[in-house]
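Below is one structure, written out as structure tokens; comments come after it.
The values are calculated or read from the model by the stated rules, or taken from the named source; none is laboratory data. What you are looking at is a predicted structure, and each value in this text was computed from that prediction instead of being measured. Here Cβ is always computed from backbone atoms with ideal geometry, including for glycine, and neighbour counts include all displayed protein chains.
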Amino acid sequence: MHSDLRIGALMLLRVCGRVQHGRNYVNKISHPELTHKGKITLIKKYLANISGIKTTYEFSIADGACAISPAFKTHDAHDRVESGILDILNDMCEEMDNSGRGCSQFYNCCDCGGNQCGCAYCFSCRACDHCLADQ
């Protein structure tokens, strides 16, 4: 009976993308936006920012999934990093370039509030529909 519960729990963890090996949590994220070079650049920067003296996080992409190493020691750490990466992947800015820059970086001179001021860098005049909807 106990082995059935353990197998069921392990299957649930695999479906969610988190597999526990001993006390460590291994993370794999599948997402259709993992092919976007700008988002990969942002994930790399994000992992560099959260890395510390003792732990340097790295990632690899294979078979449409992003694997992060080393494995996380706590469930909270895993969830925090996964949430940060999913935030990057779920950003649907239509103008994001290969460096990870989008509308908020391109159009930051002014914001006329949609009154068509004519400035080439006005956010409300030039940003994509997705970024305007997020405002």
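Couple of notes before you dig in:
- Of all positions in the range 86-102, none carries a residue that is polar (S, T, N, Q) and modelled with pLDDT under 90.
- Among (1) assigned by TED's automatic domain parsing to the domain that holds Cys122; (2) surrounded by 14 or more Cβ atoms within 10 Å (Cβ to Cβ), the one test that Ser99 misses: (2)
Let's see how each residue does on (1) assigned to a helix (DSSP H, G or I); (2) in the same structural domain as Gly38 (by TED's automatic domain parsing); (3) more than 26 Å from Ala48 (Cα to Cα); (4) free of Cβ contacts under 8 Å to residues at least 24 places away in the same chain:
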residue	(1), (2), (3), (4)
Cys66	no, yes, no, no
His78	yes, yes, no, no
Val81	yes, yes, no, no
Gly84	yes, yes, no, no
Gly113	no, no, yes, yes
Gly118	no, no, yes, yes
Ser124	yes, no, yes, yes
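- Candidates in the range 51-64 are the residues that are among the aliphatic types (A, V, I, L, M) and not in a loop (DSSP other than H, G, I, E, B); of these, the one that is surrounded by the fewest Cβ atoms within 10 Å (Cβ to Cβ) is Ala62.
- Among the residues of the range 86-96, those that are buried (at least 16 other Cβ atoms within 10 Å of the Cβ) and outside any helix (DSSP H, G or I) comprise Asp91, Cys93, Glu95, Met96.
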